[in-house]
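Throughout, read-outs are computed from the coordinates displayed, never taken from laboratory work. Since the model is a prediction, treat every value here as computed from it, not as a measurement. Because the Cβ atoms are built from the backbone with ideal geometry, glycine has one as well, and the counts that use them run over all protein chains shown.
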Amino acid sequence: MNLINENNQLILDTVNLKSLAEKYQTPLFIYSYESLKMSFLDYKKELSNIKHLICYAMKSNSNHSLVKELGGLGSGADTVSGGEIFRALKAGIDPKKIVYAGVAKKEEEIDFALNSGILMFNVESVDELEKINERAILLKKKAGIAIRVNPDVDPKTHPYISTGLAKNKFGISIKRALEVYQYASSLSGIEVLGIHMHIGSQLLDVSPYEEAFNKVYDLYLKLEQLGIAIKYINIGGGLGIVYDSKLDKQPRTSDMLENITEKIKKHDLTLILEPGRSIIGNAGICITKVLYHKESGIKKFVIVDAAMNDVGRPSLYGAYHEILPLEEKGNEDIVADIVGGICESTDYFARDRKINQIAQGEYLVIKSVGAYCASMGSNYNSRLRPAEILIKNKEVILIRERETYEDLILREKI
Ligand code: LLP
């Protein structure tokens, strides 16, 4: 992200952030089109010599304008609910570029996906396979499917976001996969199209990908021998990003994809990818205003107007996010917890963080919040969800209005 300090003020893609904070109020999410475009095109470049489809993982940030912009760059969508399919279609994503995963697809969601003509379901259990078959026959459709296989590989990431271990609820054990593929091929409402895997998120080491892909590739060769033609291999998302520039090292898409594309190239196969965080994570920041200071005797607190309902990753996963003052004042450093106003002790953004002394009414920038922040936001404590802004070609576009008190009770019986 092109976030620079100019005359001690932070500027993003030529736009002065203080002026945005003052105009749109805080907390405020701001996304950089340039940054998401670069990340998307980086994948495209690596995949240029094979047939491929990038399905942006909507769960990372499903804002209509962001999905539309990505669609405009050629992206499809990885969805996980009827709601995400609806959003993808509304944003103009071609249904033939939509894949649909998730362990708990409901009947009406399956029907919606079938009637929308999506490319395929990523099937997570035999029960689900049978349900999709039943609904497809009833609706006189053929459901394209991939079986999501669980390769039992350790992605070496936070346990809450590991998905490819045998103990996780996701996918069907790769050991049972041959048998399930044979069964799927016998079902009249099903068209077997692919193999899907997704082993976890925020992978900073790419070796687990290769280990998992090799298992999937092996399965592909066995299925070919059995006469089950596979057209797509979907390796999911998961590539990590730098949250802590002192500790994290950005893994390269080329390292992740080099050996995989070499193998894909040898066959009539399309590679599907489902990146979320690596596209949007570092394209977003949140500006928050300092409301109060407080000292408890053993700790200092900087209390801000964002809270865990806006940026929940620190409280959920103990995640680290860099936090900078919006204006460099050259003050002394203090060590403090930076916290929100929600009535929970886990409502924090940083603990014992060294930051420049900052006065009431001044602003802080929480970095790397493009993914899994706004999309996981809530109205807890009846707080209003923030406005969201996109900066595109130096233009400032309001892509979501700040909520109002009336929004809070919109669906309630008054
Ligand atoms: N495909 C599937 C099937 C997934 O479950 C996920 C993420 C992705 C793709 C995209 O993964 P990504 O490229 O974004 O790593 N809330 C957590 C992350 C949860 C990830 C869930 N699945 C966090 O804030 O770290």
Inset, instruction - Return the whole-Å distance between the Cα centroid of the stretch 276-302 and the Cα centroid of the stretch 318-364. - result: 5 Å
Legend entry - Fully extended contour minus Cα-Cα distance, from residue 103 to residue 382, at 0.36 nm per residue: 97.4 nm
Legend entry - Under the Karplus curve 6.51 cos²θ - 1.76 cosθ + 1.60, θ = phi - 60°, whole-Hz ³J(HN,Hα) for the stretch 408-414, x wherever Gly or Pro sits: 4, 10, 3, 9, 8, 7, 9
Legend entry - ³J(HN,Hα), Karplus 6.51/-1.76/1.60, whole Hz, each residue of the stretch 126-135, x for Gly, Pro: 5, 4, 5, 4, 5, 5, 5, 4, 4, 5
Inset, instruction - Could you rank the peptides 69-75, 315-321 by their average count of other C-beta atoms within 10 Å per residue, with the highest value first? - result: 69-75, 315-321
Legend entry - residue 389 long-range amide H proximity, modeled H, under 5 Å: 29, 30, 31, 399
Inset, instruction - Would you kindly give the portion of the calculated P(r) for the stretch 33-280 that falls above 29 Å, as a percent of all Cα pairs? - result: 23 percent
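Taking the Cβ-Cβ separation of residue 5 and residue 86 as r and a Förster radius of 56 Å, what is the calculated FRET efficiency to the nearest 0.05?
Efficiency, rounded to the nearest 0.05: 0.85.
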Inset, instruction - Would you please give the FRET efficiency between residue 322 and residue 229, computed as 1/(1 + (r/R0)^6) with r the Cβ-Cβ distance and R0 = 30 Å, to the nearest 0.05? - result: 0.05
Legend entry - Built amide H within the under 5 Å cut-off of residue 122, gap 5+: 100, 101, 146
Inset, instruction - Figure the gain on full extension for residue 352 and residue 258 (residue separation times 0.36 nm, minus the Cα-Cα span) and round it to one decimal in nm. - result: 29.8 nm
Legend entry - In order through the stretch 85-102: 3J(HN,Hα) via Karplus (6.51 cos²θ - 1.76 cosθ + 1.60), integer Hz, x for Gly, Pro: 5, 4, 4, 4, 5, 4, 7, x, 6, 4, x, 6, 10, 10, 10, 9, 10, x
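My understanding is that a pair violates if its Cα-Cα distance is over 27 Å; which of 90/249; 289/354; 45/222; 156/215; 105/175; 106/169 do that in this structure? Kindly include the intermediate steps, with their values, before the conclusion.
Values: 90/249 36 Å; 289/354 18 Å; 45/222 30 Å; 156/215 17 Å; 105/175 23 Å; 106/169 17 Å.
Listed pairs above 27 Å: 90/249; 45/222.
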Inset, instruction - Using Cα pairs closer than 8 Å and at least 6 residues apart in sequence, work out the relative contact order for the chain, in percent. - result: 19 percent
Legend entry - Simple label model, 7 Å out from Cα along Cβ direction - residue 165 to residue 403, nm: 3.4 nm
Inset, instruction - With runs of 4+ DSSP H residues as the only contributors, calculate the mean residue ellipticity of the chain at 222 nm using -39,500 (n - 2.57) per run, divided by the residue total and rounded to the nearest 500. - result: -8000 deg cm²/dmol
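Considering only DSSP beta bridges whose two residues both sit in the stretch 33-280, what percent are antiparallel, to the nearest 5?
On the way: 1 of 31 bridges.
DSSP beta bridges in the stretch 33-280 are roughly 5 percent antiparallel.
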Inset, instruction - Among DSSP beta bridges lying fully in the chain, give the percent that are antiparallel, nearest 5. - result: 50 percent
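Just need the relative contact order of the stretch 33-280 here, percent rounded to a whole number, with Cα pairs under 8 Å and 6+ apart.
Once normalised by length, the contact order is 22 percent.
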Inset, instruction - Go ahead and run the numbers for FRET between residue 411 and residue 23, Cβ-Cβ distance against an R0 of 30 Å, rounding to 0.05. - result: 0.50
Legend entry - Cα-based convex hull volume of the chain per residue, rounded to whole Å³: 148 Å³
Legend entry - Theoretical gain in end-to-end length, residue 299 to residue 15 [0.36 nm per residue, Cα-Cα removed]: 98.7 nm
